[in-house]
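The values are calculated or read from the model by the stated rules, or taken from the named source; none is laboratory data. Everything numeric here is computed off the predicted structure, so don't read it as measured data. Note: ideal-geometry Cβ built from the backbone for every residue, glycine included; neighbour counts use all protein chains shown.
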Amino acid sequence: MASTTSTRRPGVVSFIGIILYIQAALAASAAVSMLIWRNDILDYLEEHGSGLADGAFTASIIGEAIAALLLLYVANGIMRGSSGIRLLVAIVQGFSMVAAVYALIAHHVGGYVYRGVFSLFIGVFVLWALYGNEESDQFFETNG
């Protein structure tokens, strides 16, 4: 009978998981806030000439709620050591880094530069945290 031993989660993986939990909580609070103050927000947008329709606002609320659930799912997967979720996060970070490089090349002025560099920095950090050290590799191999 094979013994299943779990490896202690590295601090850097815990850090990423905690950030994902925070993002999930923020997305959930945004959805709840938009739902609670729906009429006030729609009135404000109408006063200022926004073309946002009631249906589009409802879709935004649903989108935030779905984002909160997905972020919670991903955070749980990272904290448990799921190799599939690890790969999913790496793919999403890769897309984010490609978009950042595009922004740097296409719009190499002002805020685009700062946003692009910051996105690249975050992407490199996340990829290093999930794949670039032995503790993370061991954690995901033994727990996932």
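Structural remarks
- Candidates F140, F118, filtered to the one that is closer than 15 Å to G17 by Cβ, part of a helix (DSSP H, G or I), at pLDDT below 95 and not charged (D, E, K, R): F140
- Test: residue in the range 18-37 that is of a type in the set (F, W, Y) and over 30 Å from N143 (Cβ atoms): yes
- When the range 1-22 is limited to residues that are among the hydroxyl-bearing types (S, T, Y) and loosely packed, with under 13 Cβ neighbours inside 10 Å, the one that is modelled with the lowest pLDDT turns out to be S3.
- Among the numbered conditions (1) touching a Gly at 6+ places or on another chain (Cβ under 7 Å); (2) of a type in the set (G, A, S); (3) at negative phi, the only one that G81 does not meet is (3).
- Hits in the range 28-50 - residues which are exposed (fewer than 11 other Cβ atoms within 10 Å of the Cβ) and outside any helix (DSSP H, G or I): H48, G49
- Filter result for the condition that a residue is of a type in the set (A, V, I, L, M), part of a helix (DSSP H, G or I), surrounded by 13 or more Cβ atoms within 10 Å (Cβ to Cβ) and not assigned by TED's automatic domain parsing to the domain that holds I22, over A99, A75: A99
- Restricting A53, A106, A25, A59 to residues that are loosely packed, with under 15 Cβ neighbours inside 10 Å, modelled with pLDDT of 95 or more and at negative phi narrows the list to A25.
- Single residue of the range 121-137 satisfying the filter (in a helix (DSSP H, G or I) and among the small types (G, A, S)) that is farthest from the chain's Cα centre (by Cα): S136
- Number of the exception - V101 against (1) without any contact (Cβ under 8 Å) to a residue 60 or more places away in the chain; (2) closer than 20 Å to I19 by Cβ: (2)
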